[in-house]
Each structure stands twice: as C-alpha cells, then as structure tokens.
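Accompanying notes for the structure given below.
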Amino acid sequence: MDSLLDLSLEELLSIELRSASLNSTTLANTASWITVLDEKSWRRRGARRTFDALTAQPATQVMPHVAGGEAVVVRGYTRTTSNRGLAILWDDVPLTDFARGGPSTSIPNINLFTLSGIDYTQGPGSALHGSDAFHGVVALRSFASQSGRSAATLIAGSDGYYDAGIRDSAALGKGHYASISLAANGQSSQDLGYAQRNPLTNEILTRERPERYDSATATLFLGSDPKSDTAYQLSYYNHVDDNYGFVGLGTRFAPARDEADQNTAFQMGRLSVTHRFQSNGSLEFRAYYWDLKNDIDFNLALGGGSILAVQSQNYDQYRYGAQAIYRDEISALDTRWALAIGYDKMSVYSAFSSLQAQSGSVLQEGPDAIDGSEREIDSATFEADTGFGDEQWLLVWGARLDNYSDFGDQLSPRIGLIYHPAHSQSIKLLYSEAFRAPTANELYSSSTLTMGNPDLKPETNNTVELIWLHQTSSATTQVSLYHARWREGIVTITEPNDNISQYQNQEHNESRGFLISHAHQWNAWQLDVNGSWVMSENKSRDEDYSAFPRYIINLGVGYSAASVNTDFYLQQYLMLDVAAEVGGHSGASEDMLPNYWRTDLTATWYAQKQLEVMLVVRNLFDRNNQFPSITSNGGVEDERFSISAGLRYNFD
C-alpha cells in the first residue's frame, strides 16, 4: 500500500530542481523560495484543475479570470492583468504566448493526471527563464517512465463532474522506454451566482453563470536511460479545452450577461539530448515547437445598453525555440558552472476579430491589429555556484542577457549567499531582477478601445529576500521576508477629453511580506500548515492592492487509520482582508468580501494493494465563499458543496 500520507520528505528534499538552476540543485541550496509538489500532495487535497495544486500555498491567490482561465497571483498585486507575469513551463518549455502573454488563461486546465510533479517558485526568475518569470515560475513535470506510477482512474461527482485517465510505460529493448498518458475531465453547468448593476435603473441584478467545461490532455514519450552517457527524450503533447459561460469582460458593460466562452487547441513537440563527457562536463540540447489556437466570445452591451452584441477574437499562434547548455565544474575553486545559448521565435500568424449584434447582423469584422506580428529572442545565460568555508557557505551567481527584435537588450542578474550553520539548516540572502516584455496586444493594440504603443519598455522587478530553511527526515520548515519593487508598469492611460486609452509605462508598485510553511509527519499523523502576510501597493496612485488577501492561512491535517486501510485528510483554507473588486476599473467599489473560509475532506480506502477507492467533499459546510472580481460589481462565487467518488488502479 502506497499511502497518500507518506510525505517522503527526504526524497522531496533531495530531488534535483531543474527549474531553479541550470546546474540543478536541491532545496537547501536553491537561491529562491521553492515548493516541490508531487502527485500525492494534490491528490490528498482532492485537486481537480491544474492550479488547484497551488491553492494551499502561502502568498498565493488562485482566482477566476476571463473565459474559463485562471490567474495565479503571487505575493500581491491582484489586478485585471494578473494572468501575466508568471512563467509556466511544461517539461522546460515556456508556454507564454505573444498575443496575450498569459498561459494560465490561454492554455487552461492541463490535466493533473498526466503530471508527476510541479515545482513552484515564488519571486523573480528571469535570470534563468527570461521574460514572464516576473512574479514566479510554475514548472510542470510530466509522467514518464522514470517518474510516477502507471495507473488508471475514474471519478464521478455532483454537478456533473467527471475525471478519467490512463497512463502506462513500457521498455523498448535495452535502455529505451515509451510512456503514454491520456486524461479528460469536466463539469456540467454549476450555475454560480454574480451581481450585476443595470446602468439604466441602477438596480442590482442577481444572475448565474453556467461555468461548464471539458478538457482533455495527452502526452507521449520516447526516451533512453537518463543516466547513460548519451540520453535522449522525444515527446508529444496535445491539449484541448472548451469553456462555456465563464467570467466575461465585466458587468460594467451591463445589461449584457457577463459571460465568455473559449475553445483552446494546443499541441507541442519537444526533443532533448544530453551527452556526458568523460570529464565532469556535459552538453544538453533542447528544441521545441508548439501551436496554439484560441477562439473567444465575449458578451457586450453597446450604446449605453441599447445594443446587445458578441465580440469574437480568434488567435492562431506558434512558438519554437532551441537551447544548448554546457555544464562543467572547476574543482580547484569548488565551482559548478553552466552556460546556455538560446533562440526563440513567437508569432501571431492569424488574428481575427468580429462584432455581431444579438440580432445576427455583423457590426464589424476583419483582421486584428496584431495579425502577423512576430518576435525573435536571442539569449545567453550564465550561472555558477561556488562553495567555500568548509562547505558551510555557497555563493550562487549569474545573469541572463536577452536580445528582443522589438525593443533590444534586457539584462537579468541574480546573486544569493547561502550559509549552512548545520547540516539541516540554510540561511539565504538573495537578490534578483526580472522583467516582463510587452505583449503583442500591448504593443500593437487589440480589438478593444485601447491603442497599442510600439515604444513600450519591459516592466522590471527587483527583489531582496531573506530565507531560513530547516529540514529533517520527518519535517521541513521555511520562513521568508521579502521586499519587491516593480517599475515601468504597463497600464492604460486615458487623456483628458479623449475616450481612447493607450498602454504606457507609468506605474510603480511595491510589495513586502512574510511567509512561513511547515510540514511534519509523526506516526500516523501528518500536518501541513503555512501562512503569509502581504502588503502590496500601487505607489503611482497611492493605493493598496486590496483584492489580494492581506493574510492567508492554510491548514492540512491527515490521519492514516491502519485498522481500516484508510487515509483521511482535512484541508482548511482561510483568506482574510480581501476587497470584492479589483481596483483601477471604472466603477470599482471599496467593499470588502466576507472572510474566505473553506473546508475540504478527502478519504482514500486501499481496498487492495493496487486498488484505491476515493471520496472527496469540497466546501464541506457549503459556505458562500467569493473571490474578488476582475471588472465586475461584487465578487465571483466559488464552488459550493460538492462530492465526488472514484476508483484508481495502480498497475505496478
């Protein structure tokens, strides 16, 4: 029996973190706040969608965005553009698109069953990953022959929820393997409520959104033993997602129903080859190509509400790139180093917009302003770590230089000094810089009333952080104090007596906070607790980002009842001091939401050695919890009480 409550902290703490260093490193020596999530961590909390895996993390807010996407907001700054600035990698491949720059909204709900783990980094990561590793990095690790267990699962729940998947691997002769994962999940109409103000009568209307979705993910891997002198991995990925009746452009466009639909089709190919020389050096080559199609429909009301219409946006994009990484060490200086040279190209090869009245008449249609836009990026990354002082001290240092075809060079350095007062402890003093390049919509305008600005500069983020880490075989504790400065923020500016807005670099922001997390296992019990205090401010407008929770507390308690072969896990989420609406849009109120208090319960019965029976209750007490809304009046309703049950069979 492989219990979901087996923490395996020693294994997690010794995992090589490829997303946190070119040289790969462990948690004790990484120059960032990083959380390693394995499949057990999200299964025992009953996670359904991709970013459910992150909801129990400190200083992290996962909230609904438009058309079925989600925004993962890290360390404050909740705003309408919070879907940008987080780098999402799928097996080291960047998923940021050129048009919108937000993979959490443009590629929603990659199925968790096809993944073996997630590395979640809070804080700047541009020194390794370039643009969009602005607030953090989410690195998805797929199931392959060397990771995860071959299994099949089938789950059904209330409100028409379903989840099904199968994955397996096989040896192909000596030293070669193949693996495949197929998974799908979805939900029928949930009818979640929202408030809407009628601008003609000022009356508050109560309406419901269906929020129906269907998603499917498939991955295929061919590879060789990663420990051999020359190893390769060839992989293919396919993901489709259909969303209906989710959050739209906002009830400021009332009396139209605030709903949006999105259909997504994504496919990717990836190749990596690594050769290890007889010395300590190695050379790795990576290449990828992906294609993304998004069809989005928004409800609108024009002419003060006299004309109801649907705005459609159709984006076809591709991105490809290659990177060569040479790694070596200088033993005399106790230094490991790596140099990476890369090239990426991003293109919006088709962008089409239309505006159609509810009556069926076409009001406007044609190519969008970003149709045919392209971007090329040349990059060079250097990273080294140098040990000294009888291995008690480690200096992590390096930088990345990016050259963009549309705005030029951007340098992103980082440096970290790590002290180990004892084998089980690390004290880290870190400084890092990051940037976010403007999207095609920001540069060349979009189909809304906001004009693009080809003279935009990248946004920048400088962060200082102090971390204390303590780890043993049964417990780990991490504490952080940080201060971040966000400069050259891209915002829409409307000139006096002019109804047309334009994107400009005018905003300065700051965030500071305290984070703590602790995981502990003893006998049959498990404890996961973390919390954060975050203060983020818009210095340009002298306003707080009050839609981000000032306080977050997550508490998970697990118990393994050996007498009945059953694990129980209770997860409590608490978010305090949160505004009902994201500031900065027309008509935003200063109302505060009730405290977010949600309790989930999971029970897993190990009926046989390879067979598991699962029961998951979400929002156990059926509380009417709400998230802040992006552009609407009032909050956005969270899922109410739901229950699901299922089976999982492990082949090995």
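Within region 329-394, report the GluC sites (Glu not before Pro) that DSSP leaves as loop and that have at most 14 other Cβ atoms within 10 Å. Walk me through the intermediate numbers first.
Numbers: sites: GLU329, GLU365, GLU374, GLU376, GLU383, GLU391; in loops: GLU391.
Counting only loop positions with at most 14 other Cβ atoms within 10 Å, the GluC sites (Glu not before Pro) in region 329-394 are GLU391.
Report the gain in length on full extension from ASN314 to TRP468: 0.36 nm times residue separation, minus Cα-Cα distance, nm rounded to one decimal.
Extra length from ASN314 to TRP468 when fully extended: 50.7 nm.
How high is the relative contact order of the chain, in percent, with contacts defined as C-alpha pairs under 8 Å that are six or more residues apart? Can you show the working numbers first?
Details: 1970 pairs, mean separation 83.1, N = 652.
Once normalised by length, the contact order is 13 percent.
Report the Cα centroid-to-centroid distance between region 30-48 and region 56-71 in angstrom, as an integer.
16
Could you give the accessible area per residue of region 91-184, probe 1.4 Å, as a whole number in Å²? Spell out each step's value before the answer.
Details: 2450 Å² over 94 residues.
Roughly 26 Å² per residue, with all protein chains present.
Provide the per residue accessible area, probe 1.4 Å, for region 216-371, rounded to a whole number of square angstrom. Provide the component values of the computation, followed by the final result.
Numbers: 7000 Å² over 156 residues.
On a per-residue basis, region 216-371 sits at 45 Å².
Projecting each Cα onto the charge dipole of the chain (Lys/Arg +1, Asp/Glu -1 at the beta carbon, about the Cα centre), which of GLY281, MET63, PRO108 comes out farthest on the positive side?
Of the listed residues, the answer is GLY281.
As an exercise, identify the GluC sites (Glu not before Pro) in region 204-304 lying in DSSP coil whose Cβ has no more than 16 other Cβ atoms within 10 Å. Don't skip to the answer; put the middle values down first.
On the way: sites: GLU208, GLU211, GLU259, GLU284; in loops: GLU211, GLU259.
Nothing satisfies the criteria.
Taking Cα centroids, how far is region 556-618 from region 400-428 in Å?
Distance between centres, Cα-based: 34 Å.
So which trypsin sites (Lys or Arg not before Pro) in region 153-254 end up in coil per DSSP with only 16 or fewer other C-beta atoms within 10 Å? Display every interim value, and only then the final one.
Working: sites: ARG167, LYS174, ARG197, ARG207, ARG212, LYS227, ARG252; in loops: LYS174, LYS227.
Loop-located and lightly packed - LYS174, LYS227.
How would you classify region 311-387 from its alpha-carbon gyration tensor, with a ≥ b ≥ c the square roots of the eigenvalues: rounded for a/c under 1.5, else prolate if a/b is greater than b/c, otherwise oblate? If you can, show how the numbers build up before the last one.
Details: a/c = 6.88, a/b = 4.38, b/c = 1.57.
Prolate.
What's the lysine pair count for the chain at a Cα cut-off below 22 Å, pairs eight or more apart or interchain?
On the way: LYS40/LYS609; LYS174/LYS227; LYS293/LYS345; LYS345/LYS457; LYS457/LYS539.
Summing the qualifying lysine pairs gives 5.
Counting only protein heavy atoms and using a 1.4 Å probe, what share of the accessible area of the chain belongs to carbon plus sulfur, as a whole percent?
Values: 14160 of 25660 Å².
For the chain, the apolar C and S fraction of the accessible surface comes to 55 percent.
Which value in nm describes the separation of the simple spin-label points at ILE500 and LEU611, placed 7 Å from the Cα toward the beta carbon?
So the label points at ILE500 and LEU611 sit 6.9 nm apart.
At a probe radius of 1.4 Å, what is the per-residue accessible area of TYR326, in Å² to the nearest 10?
70
Given the rule -39500 (n - 2.57) for each run of at least 4 DSSP H residues, summed and divided by the residues of the chain, what is its mean residue ellipticity at 222 nm, to the nearest 500 deg cm²/dmol? Don't skip to the answer; put the middle values down first.
Numbers: 5 runs with 24 residues, N = 652.
After summing the helix terms and dividing by residue count, I get -500 deg cm²/dmol.
By how many nm would the segment from ALA524 to ASP652 grow when fully extended, if each residue of separation counts as 0.36 nm and the alpha-carbon distance is taken off?
Roughly 43.6 nm would be gained on extension.
Tell me the relative contact order for region 213-290 as a rounded percent, counting alpha carbon contacts under 8 Å between residues six or more apart.
The normalised contact order for region 213-290 reaches 28 percent.
How high is the FRET efficiency between ASP378 and ILE330 when r is their beta carbon distance and R₀ equals 41 Å, given to the nearest 0.05?
0.95
Let me check against my output: what whole-number percent is the relative contact order of region 400-487, with C-alpha pairs under 8 Å and at least 6 apart? Show your work: numbers first, answer last.
Details: 159 pairs, mean separation 20.8, N = 88.
Computed value for region 400-487: 24 percent relative contact order.
Alpha carbon centre of region 374-393 versus region 112-171: separation in Å?
Taking the Cα centre of each part, region 374-393 and region 112-171 sit 26 Å apart.
The values are calculated or read from the model by the stated rules, or taken from the named source; none is laboratory data. What you see is a predicted model, and the numbers here were worked out from it, not measured in a lab. So basically every Cβ, Gly included, is an ideal-geometry build from the backbone, and we count neighbours across all protein chains shown. Please note that ligands, DNA and RNA were not included when accessible areas were found on the heavy atoms of the full protein model with its side chains. Shrake-Rupley method; radii C 1.70, N 1.55, O 1.52, S 1.80 Å.
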